Amino acid sequence: VLSLLEEIRPQAEALEATFFEVATALALLHFAREGVEFAVLEVGLGGRFDATNAAEPQLSLVTNIGHDHLEILGPT
């Protein structure tokens, strides 16, 4: 993790990336280098600016939505 972080740190700092964006980038870079064919990714807060949108899914699922981010997303 540390070596990957040092590798992407300049870009992450230039973009003022959030923790979730950096964590997603680290995971996707690691998966690509290890030849992972399939991975299960859980979105952050969702929406068009979610970091997981960098992945190109072959399958997407919608499950129950928790209420742990109502203060950010609102009740609807």
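Please list 3J(HN,Hα) in residue order for segment 69-76, calculated via the Karplus relation 6.51 cos²θ - 1.76 cosθ + 1.60 where θ = phi - 60°; whole Hz, with x for glycine and proline.
Once θ is set to phi - 60°, the couplings for segment 69-76 become 10, 4, 5, 9, 8, x, x, 10 Hz.
When the chain is fully extended, how far beyond the present Cα-Cα distance does residue 16 get from residue 54, taking 0.36 nm per residue of separation? Could you put the intermediate results ahead of the total?
Working: separation 38, 0.36 × 38 = 13.68 nm, distance 1.65 nm.
Working it through step by step, the gained length comes to 12.0 nm.
Rounded to whole Å and sorted largest first, list the principal axis extents of the Cα atoms in the chain.
40, 29, 18
Sort 3-11, 35-43, 56-64 for me by packing, meaning the mean count of neighbouring Cβ atoms within 10 Å per residue, highest on top.
On the way: 3-11: 11.6, 35-43: 9.2, 56-64: 6.4.
Listed from highest to lowest mean packing, they are 3-11, 35-43, 56-64.
Mark the label point 7 Å from the Cα of residue 73 along Cα→Cβ and return the residues of segment 40-56 whose backbone N is within less than 14 Å of it.
Hits in segment 40-56 for residue 73 at 14 Å: 42-52.
Just from its helices, what would the mean residue ellipticity at 222 nm be for the chain, if runs of 4 or more DSSP H residues each count -39500 (n - 2.57) and the sum is divided by every residue, rounded to the nearest 500 deg cm²/dmol?
Details: 3 runs with 34 residues, N = 76.
Mean residue ellipticity, 222 nm, calculated: -13500 deg cm²/dmol.
None of the figures in this text is laboratory data; all of them are computed from the coordinates on show. Small disclaimer: the values here were computed from a predicted structure and weren't measured. Glycine also receives a Cβ, built like all others from the backbone with ideal geometry; neighbour counts cover every protein chain displayed.
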